[in-house]
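Written below as structure tokens is the structure these notes are about.
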Amino acid sequence: MIRLIRYTDPYRWGILIAIVLLFGQATCDLALPDFMSDIVNEGIASGNTGYIIQTGFKMLGVSLIGGVCSITVGFLAARIAAGLCQQLRIDLFEKVESFSNSEFDKFSTSSLITRTTNDITQIQTLLVMLIRIVFYAPILGIGGVIHALANSKSMSWIIGVALVLLVGLVGLMMMAALPKFKLIQVLVDKLNQVVRENLDGMLVIRAFNTQRFEENRFDQVNTDLTRNNLFVNRTMAGMMPAMMLIMNLITVLVIWVGSNQVSAFKLDVGDMMAYMQYVMQIIMAFLMMSMMFIMIPRAQVSANRIADVLETEPSILSSKNAVVQTQPYRGVVEFRHVTFAYPEAEDPVLHDISFIAEPGQTTAIIGSTGSGKSTLVNLIPRFYDVTAGQILIDGVDIRDMKLEDLRKNLGYVPQKGILFSGTIHSNLAYADKNASEAELLKAAEIAQALEFIEAKPEGFHSEIAQGGSNVSGGQKQRLSIARAMVKKPQIYLFDDSFSALDFKTDAALRNALKKETGSSTVFLVAQRISTIMTAEQIIVLDAGRIAGIGTHQELMETCQVYREIGLSQLSAEELA
Amino acid sequence: MSEKKNGRPMGGPMGGMGGGGEKAKDFKTTMMALLSYMGEYRARVVLVMVLAACSSAFSIVGPKLLGKITTKLFEGLMAWYTGTGLLTDFAYIRKISIILVFLYVISAMFAYLQSYIMSEVSMKITYRFRKDISEKMNRLPLKYYDAHTHGAILSRITNDVDTVNQTLNQSLTQIITSIATVTGVMIMMLSISWAMTIVALLIIPLSLIFIMLVVKKSQGYFKTQQKYIGEINSHIEENYSGHNVVQVFNGEAEAMVTFRTLNHELYDSAWKSQFLSGLMMPIITFVGNLGYVAVCILGGYLAVKKVIEVGDIQAFIQYVRSFIQPITQLANISNVLQSTAAAAERVFEFLDEEEEGSDEGKQGEPESVTGHVEFKQVHFGYKKDKNVINDFSASIRPGQKVAIVGPTGAGKTTIVKLLMRFYELDSGEILIDDRDISRMTRSGLRSMFGMVLQDTWLYNGTIRENIRYGSFDKSDQQVLEASKAAHCDEFIRALPHGYDMVINEEVTNISQGQKQLITIARTFLADPKILILDEATSSVDTRTEQLIQKAMEKLLEGRTSFVIAHRLSTIKDADLILVMREGDIVEQGNHSDLLARNGFYAELYQSQFSEGEE
């Protein structure tokens, strides 16, 4: 939490005012028993009705002031918490947007999402509680002690007894329950895991008739979880009754001791009654504070998770002294002795890769999984930076360009078609807001997407759900391709973008693409050899090294790895 | 205080109070269902209610007795002042104090007993709910899963069951305690003074009016807040998961603009709903204080008039204080019950879903299977009004290979799913060794099949356990042989811990190709008569790919097989090719027949190489 403390800076005054108001609220709350004591001692004892009513109205006034203080604090707390979290959310989002893939790998995408959403919501809720309760409790508690002492010093040991008992009780319960809390969280995750596995493997489970086995597996976790939950619940079941008991017994104690004092003329009856209420307030304050011990660690976890992200600097930044691009790229992409290892990985994924991709040509990359095909292509938009060597576009190292300029010239189509919620139109226009209808239409046509788009009742204005879940994998890929076409970049990067397409569509798309990409430089990562057979330059990767460069014909003759891939997919005559 | 954290985002500080929450479609029926689901525990729940009521009753007497002591003291003092009596009646005070301690201890014991029993009951019921759901999952037809997301099912087993659990564990007894307290307190107050009771009772409508006003107002903001949280979350989700695309299209600035707008809307509704729901406490406290003051004034007046005694004022004040909390709780109860009913309803709905037809009285696994498969005029559609398979007939002799080809999304797995009775036919029949599969038990039928899918499925266990999956009685030696036959042995031995290596939760500690090989080994071990193979071509390296191909070929030997084919080599030497298009089988025959027919298959086949000729 300390790591996020600077976010409270704009609210320093607000917090200060809130604390002052909390003092006011506590003073009012604590003044009430005094008035009551006055009513009993002065009013009732002497039968002075006027005094009673007068004091009563004073009480009302005090209570009203207390209420106003409390409401104002509530207002401040809500504004501060929501405002602080608004800023936190903006900073976090902005930070994550600046991250490169290395940072995404480090945190994992889903974790980054939870940090930006749930963790911040968590902080917001707890912040309000913090201001309204945690700040208030010590003020009330200390105030209560002062008032009680002013009332009767001789009974202060009772407060001590109460606090010792409560601390002991809460401590004991926490010691018993806290370790189990963690265990329960683990078991809940485990339970989810088994259910998720069961859902994913539905077909397999049924095909292998292993329903019983799965049910047992689930039952084990379920039993475990139930047992631990039961333990915690039973422990907690004792908490409330024990606290109530302590409170009640302390009251009896006050009365007992108090009545002795009253008889010895050391104490007025009204004071004793007030004393009882102070003790209650002190105990309440203590209970509120003990809530702090539950809340703060929880907020701490969220705060740390957020701070971890905020304190991470993106590893890839736009070059500061970059030359602003003045003329359009030609698109000559050169890899010069490029070696790349993922952060914290021991072995490089790519070793000493050198080649030149010329404009107007297709450079295809093929190889086994883990051979580094996608990685190679991902280096061009600087999702990652090379570990050694350099990548040059038109002779300029891409690290010396402005990130924005570099990416402006790239048309990237990811492996899994990624779409944003909106319409087909908004997704295509994502590449270029100013693109005309005709341009979008043309892009869709090239990407072989026009047919299915027009088959939809709303055509280009058909809804796309979040994550593109309402279109098929193949359609997503085609729309992603169309989006890249709209951009009309100088360099195209197709990262295995045809995998979900059937042979026929794949072929038609490549034909259309060839005509359109004309003078552009095209990178094409593929699994299917038929997809890349006609490329001007094919790079065969094997375990991160170039096993061969050439055309299909050349490679069939010279490259063993290429031949193996080929023969595994097509027959010899088809390959010829 | 013991609120469990199950990844569920916390509501506002007042929990469901301002949230409004969802409503069950049929509250009464669901609650009755929940009651009958409790079964044997019902008696214990009744006991818990009695205990809760007793516990409250015992503690309610407390203030009145305390008041008596105070009165005695005060009277003694007054008497002493006027010189008419004893200073302090210690014997009386001692007696009352002992009674008090006794009452409080009993009350605490009852309260503890009540929570103890209730936590057991609620956990047992939760356990049963989860168990029932997990077993139900296996009995539902696959059709169900086509229409429902995994997330929805997961949230039933966690969130919904949890909501019910919380209500059983806390809210249920809270209702009883609150009602008992309110009633008890009312009786005690009346026993002291009807006039003061009326004044104190005025608090109730007053606080209720305020609560209603605040709730009504804040609910609107809560809804807006929920809406913007949803929107901002999906915005975050899609920008993070599409991060690379955002980067290459330089979309960061635009994303930020949208984010800022949403974020500001969220801020606006967040602080308002927060503030409004936070008003509740101070307002109730203030109204409570109003009552407090009124009680003091009226009590003081009445005490002077000797209508009541000093201790009564003290007792009354305590009663007024303990009056307010249960009332706010009761005000919130309908929300709690509603959201519980909604959660329980979802769980019951799931448990009541129509199951796969019963297997009772059907034949089990036949002694020997030759693998003769026959389709007779099969009709099938995933949805009632839309048939995909129309009048399909084919006969496959033992040991033959059937290749299923077609564009993506053409429904190539449909036939396979029908064959294994994951779905039921609309009409026609499928025979294996001349026996209608719908007359066999599902487990009997499925034990004849082996299946290797493109989506390999391994679970979070050791490699050995994963290979043995489904053939639990096979020895380690047999596992080893199957693994050798599937060309797994070599790479498994190279892994840390070899066969005992635990596959991690995300199944990322072995490669895609290795996963595939393990599922092949699994099928070898099962030694089925009929095989279903999905040839995967993507994401596997060359050498592993060759191993997989070799292993698959070996697996195919002597078995009738259905192959969802991607390789032309497989397709060419298939005995029967089923060509699928838009769900239906449009052509069937062998490679040369189909080419000669010059139809969809020929088109599909040729298109692949059209570009090569340019």
Kindly list, by first and then second residue, each pair from a residue in segment A:276-302 that is touching a residue at least 24 places away in the same chain (Cβ under 8 Å) to a residue that is of a type in the set (F, W, Y), limited to pairs with Cβ atoms under 9 Å and residues at least 6 apart or on different chains.
A:A285/A:Y136; A:M288/A:Y136
Output for Cβ contacts, cut-off 8 Å, separation at least six or different chains, first residue under 17 Å from A:V269 (Cα atoms) in segment A:43-64, second hydroxyl-bearing (S, T, Y), reads A:G43/A:T49; A:G43/A:Y51; A:G43/A:T55; A:I52/B:Y301
Can you list the strands (runs of 3 or more DSSP E) lying wholly within segment B:362-423 that have 1 or more residues being touching a strand residue (DSSP E or B) at 6+ places or on another chain (Cβ under 8 Å), surrounded by fewer than 19 Cβ atoms within 10 Å (Cβ to Cβ) and of a type in the set (S, T, Y)?
B:389-396
Give the residues of segment A:376-413 that are among the polar types (S, T, N, Q) and farther than 16 Å from A:H337 by Cβ, sorted by residue number.
A:N378, A:N409
Kindly provide the set of residues from segment A:400-428 that are in a helix (DSSP H, G or I), modelled with pLDDT under 90 and more than 12 Å from chain B (Cβ to nearest Cβ), ordered by number.
A:D400
Inside segment B:156-222, counting only helices (runs of 4 or more DSSP H) that do not spill past its ends, which hold 1 or more residues that are in contact with a helix residue (DSSP H, G or I) (Cβ under 7 Å, 6 or more places away or on another chain) and more than 30 Å from A:N233 (Cβ to Cβ)?
B:172-192, B:194-201
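Residues checked against (1) under 30 Å from A:Y384 (Cα atoms); (2) crowded, with 22+ Cβ neighbours inside 10 Å; (3) under 31 Å from the mean Cα position of the chain (by Cα):
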residue	(1), (2), (3)
B:G242	yes, yes, yes
B:T258	yes, no, no
B:S273	no, yes, yes
B:G299	no, yes, no
B:A303	no, yes, no
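Determine whether B:V287 is more than 8 Å from chain A (Cβ to nearest Cβ) and over 30 Å from A:R382 (Cα atoms).
Answer is yes for this residue.
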Pull up segment B:443-462, narrow it to residues that are surrounded by 19 or more Cβ atoms within 10 Å (Cβ to Cβ) and assigned to a helix (DSSP H, G or I), then point me to the one that is nearest to the other protein chains (Cβ to nearest Cβ).
B:R446
Would you confirm, using the coordinates I've provided, whether B:L337 is surrounded by fewer than 22 Cβ atoms within 10 Å (Cβ to Cβ) and in contact with a helix residue (DSSP H, G or I) (Cβ under 6 Å, 6 or more places away or on another chain)?
no
I'd like to know if segment A:101-113 contains one or more residues that are under 21 Å from B:A270 (Cβ atoms) and at the interface with chain B (Cβ under 9 Å from one of its Cβ atoms).
yes
Counted residues in segment A:476-529 being in a loop (DSSP other than H, G, I, E, B), in contact (Cβ under 8 Å) with a residue 60 or more places away in the chain and either within 12 Å of chain B (Cβ to nearest Cβ) or not charged (D, E, K, R) (or both) come to 11
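Kindly indicate whether B:M123 is more than 25 Å from B:F316 (Cβ to Cβ), at the interface with chain A (Cβ under 7 Å from one of its Cβ atoms), touching a Leu at 6+ places or on another chain (Cβ under 6 Å) and surrounded by 17 or more Cβ atoms within 10 Å (Cβ to Cβ).
So B:M123 passes the test.
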Could you list all residues from segment B:332-367 that are touching a residue at least 60 places away in the same chain (Cβ under 8 Å) and over 28 Å from the mean Cα position of the chain (by Cα)?
B:D359, B:K362, B:Q363, B:G364, B:E365, B:P366
Could you tell me how many of the residues in segment B:486-525 are polar (S, T, N, Q), surrounded by fewer than 16 Cβ atoms within 10 Å (Cβ to Cβ) and touching a residue at least 40 places away in the same chain (Cβ under 8 Å)?
1
Pairs with Cβ under 8 Å, 6+ apart, first in segment A:377-389 and away from chain B (no Cβ under 14 Å), second part of a loop (DSSP other than H, G, I, E, B) and modelled with pLDDT under 90:
A:T387/A:A341; A:T387/A:P348
Taking segment A:58-77 and the residues there that are within 8 Å of chain B (Cβ to nearest Cβ) and either acidic (D, E) or over 47 Å from the mean Cα position of the chain (by Cα) (or both), the one that is surrounded by the most Cβ atoms within 10 Å (Cβ to Cβ) would be A:M59
For segment B:548-557, does any single residue satisfy the condition of being surrounded by fewer than 21 Cβ atoms within 10 Å (Cβ to Cβ), modelled with pLDDT under 80 and assigned to a helix (DSSP H, G or I)?
yes
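Filter segment A:9-43 for residues that are more than 21 Å from A:S70 (Cβ to Cβ) and at pLDDT below 85; which is surrounded by the most Cβ atoms within 10 Å (Cβ to Cβ)?
In the first step, residues of segment A:9-43 are kept if they are more than 21 Å from A:S70 (Cβ to Cβ); the result is A:9-10, A:12, A:37-43.
Add one more test, that the residue is at pLDDT below 85, and what stays is A:37-43.
Details: A:S37: 21, A:D38: 23, A:I39: 30, A:V40: 27, A:N41: 16, A:E42: 16, A:G43: 27.
Step by step, filter segment A:9-43, then rank; the result is A:I39.
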Filter segment A:139-190 for residues that are more than 21 Å from A:M289 (Cβ to Cβ) and of a type in the set (S, T, N, Q); the one that is nearest to the other protein chains (Cβ to nearest Cβ) is A:Q185
Counting only residues in segment A:275-294 that are buried (at least 18 other Cβ atoms within 10 Å of the Cβ) and within 10 Å of chain B (Cβ to nearest Cβ), the one nearest to B:E75 (Cα to Cα) is identified as A:M276
Within the bounds of segment A:168-181, is there any residue that is surrounded by 15 or more Cβ atoms within 10 Å (Cβ to Cβ), at pLDDT 80 or above and of a type in the set (F, W, Y)?
no
Which of the following residues is at the interface with chain B (Cβ under 7 Å from one of its Cβ atoms), among the β-branched types (V, I, T) and either surrounded by 20 or more Cβ atoms within 10 Å (Cβ to Cβ) or at negative phi (or both): A:V252, A:V309?
A:V252
Checked segment B:472-530 for anything aromatic (F, W, Y) and within 28 Å of B:M420 (Cα to Cα); matches are B:F472, B:F524
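The values are calculated or read from the model by the stated rules, or taken from the named source; none is laboratory data. Predicted model, so just to flag it, every value in this text is computed and none were measured. Heads up, the Cβs are rebuilt from the backbone with ideal geometry, glycines too, and the neighbour counts pull from every protein chain shown.
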